[in-house]
1. Take the residues in the stretch 302-332 that are of a type in the set (S, T, N, Q) and within 16 Å of the ligand (Cβ to nearest atom); name whichever of them is least open to solvent (accessible area, probe 1.4 Å).
2. Quick one: Val100 ticks every box in (1) in a loop (DSSP other than H, G, I, E, B); (2) in contact with a Cys (Cβ under 9 Å, 6 or more places away or on another chain) bar one, so which box is it?
3. Here's a check for you: in the stretch 333-353, which residue that is assigned to a loop (DSSP other than H, G, I, E, B) and more than 30 Å from Ser217 (Cβ to Cβ) is least open to solvent (accessible area, probe 1.4 Å)?
4. Just to check your reading of the model, which residue among Arg38, Arg52 is of a type in the set (Lys, Arg) and either in contact with a strand residue (DSSP E or B) (Cβ under 9 Å, 6 or more places away or on another chain) or within 15 Å of the ligand (Cβ to nearest atom) (or both)?
5. Say we look at the stretch 198-254 and pick out the residues that are acidic (Asp, Glu) and within 16 Å of the ligand (Cβ to nearest atom); which of these is least open to solvent (accessible area, probe 1.4 Å)?
6. Of all residues in the stretch 273-308, how many are among the hydrophobic types (A, V, I, L, M, F, W, C) and touching a Cys at 6+ places or on another chain (Cβ under 9 Å)?
7. In the stretch 70-84, what residues are of a type in the set (Ser, Thr, Tyr), crowded, with 20+ Cβ neighbours inside 10 Å and within 16 Å of the ligand (Cβ to nearest atom)?
Amino acid sequence: MDHFHYRDGELFAEDVPLARVAVEVGTPTYVYSAATLRMHLHKIQKAFAPLRARVCFAVKCCSNIAVLRTLVREGAGLDVVSGGEIHRARLAGADPSSVVFAGVGKTDAEIREALAWSRDATAGVADGPEPAHGVIFNIESEPEYMAIAAIARAMGVRARAALRVNPGVKAGGHDYISTGAAENKFGVSPAHARAMLARFGNDPHLRLSGVHVHIGSSILDTAPYVETVRRTLEIIDQAKNDGVVIDTLDLGGGFGADYQTGDAPAAAEYARVITPLLQERADKGLRIILEPGRAIAANAGVLLTRVLFVKVEGAKKFVVCDAGMHTLIRPSLYDAFHFIWPASVSPQHEPVRRAERPDLPGLEVCDVVGPVCESGDFLAKERALPAVARGDLLTVYSAGAYGAAMSSRYNSHPLPAEVMVDGANFEVIRRRETYDDLVAMER
Ligand code: LLP
């Protein structure tokens, strides 16, 4: 379980009542539990410890620097995809040698930023024949390889790189977040990978000595990983035949989170099928990297929102909240399920299961919607809830991943506040935007 639980009908994050956070910070507000973040990270680190895998948290899913700092302190590396995320990684105190830089469209400026960070942070650290330090570039295409190599040459630095291969494995929750099938824009085909590795695998300047895959997100089944690892190992073996030693295998992210029970992912389940395939190679020095995001952050965060109005029209009941698609876009964009429940309930309504239709007495079916002027603006449809009234506080669960990180100012709503709970304390880790913040960049 995570660290969000009811005590006498009041929802707590660790030892902090969420009603108190809402009164002090306002709504909508994202609230994270530091203990849950740490617990989920530790579970994955522990499950993959026999492979000495490095767990690089996918910054894109929850990029607040206080969240990153919490994880970096526990030994997490970071997976970044933009100059902005590199900036956050630096502020969070990450070591560039524990950072992978992915993304299908890196600009020259972003490439320079990553190279300069590696150079500055590792100045004076002896590399040996090839760079053992600095950011690993996860490269998505041949033109990108050429661009990074040219920039590194011009800067007089050497860099580390892994080639993203599209293994042709379809997996993941929704078409928009499935990346491993051949028609997706990510990576290169296995045949193209073989040619690129043979050509650039021993390049003295930008040695392409790693293989990277990421097959999708919300993968609740272990089989696609087995298939992916098998296909990846074939590529590594082919490279060896071509005279290239692959020293890094980055398996990407995608481990699912349980949006119903709030349970941590069964990291051990993924490890159980992946480890036997890689143990021998890891023992011989193959470096394994993982890039989980959702599995760490999703159930470590909730969104607090206030009920503005309860509106009844014919047979339809709408609970209109101050959070909507601008605060949490996942229900609108992916039809994603997020459990929603009042933060304060009578004891008979303490939820035992985070389901669409919990088996409890006296529930009413409603749509939970936001204030945005679009019919697509909803947090839940046809959802059974205890009776709620204007002013009540609702909690949207499992909102820690791709929640705040994907929020927008649509309809000129200032971005929400973010709060970190740690034990009996909480801290505002992003203040709510003001109207002045909204227009600060305009003239
Ligand atoms: N590595 C790479 C290269 C990725 O593209 C992603 C996610 C991850 C790691 C982390 O995946 P995770 O472990 O979180 O599944 N906005 C969508 C999810 C998009 C995922 C994008 N890539 C959602 O809200 O479900």
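The values are calculated or read from the model by the stated rules, or taken from the named source; none is laboratory data. Not measured: the values here are computed from a predicted model. Backbone-built Cβ (ideal geometry, glycine too); neighbour counts: all protein chains shown. Calculation scope for accessible area: heavy atoms of the full protein, side chains included, ligands and nucleic acids excluded. Shrake-Rupley method; radii C 1.70, N 1.55, O 1.52, S 1.80 Å.
1. Filtering the stretch 302-332 for residues of a type in the set (S, T, N, Q) gives 305, 327, 332.
Keeping just the survivors that are within 16 Å of the ligand (Cβ to nearest atom) gives 327, 332.
Details: Thr327: 2, Ser332: 37 Å².
Looking at residues that are of a type in the set (S, T, N, Q) and within 16 Å of the ligand (Cβ to nearest atom), I get Thr327.
2. Failing condition for Val100: (1).
3. Per the stated criteria, the residue is Val345.
4. So the residue among Arg38, Arg52 that is of a type in the set (Lys, Arg) and either in contact with a strand residue (DSSP E or B) (Cβ under 9 Å, 6 or more places away or on another chain) or within 15 Å of the ligand (Cβ to nearest atom) (or both) is Arg52.
5. Asp250
6. Restricting attention to the stretch 273-308, the residues satisfying the condition of being among the hydrophobic types (A, V, I, L, M, F, W, C) are 273-274, 277-278, 282, 286, 288-290, 295-298, 300, 302-304, 307-308.
Okay, now just the ones that are also touching a Cys at 6+ places or on another chain (Cβ under 9 Å), so 289-290, 296-298, 300, 307-308.
Selection size over the stretch 273-308: 8.
7. If the condition is that a residue be of a type in the set (Ser, Thr, Tyr), crowded, with 20+ Cβ neighbours inside 10 Å and within 16 Å of the ligand (Cβ to nearest atom), then no residue fits.
To keep it simple, each residue is scored yes or no on (1) at pLDDT 95 or above; (2) under 18 Å from the mean Cα position of the chain (by Cα).
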{"position": "Pro265", "(1), (2)": "no, yes"}
{"position": "Ala298", "(1), (2)": "yes, yes"}
{"position": "Val307", "(1), (2)": "yes, no"}
{"position": "His326", "(1), (2)": "yes, no"}
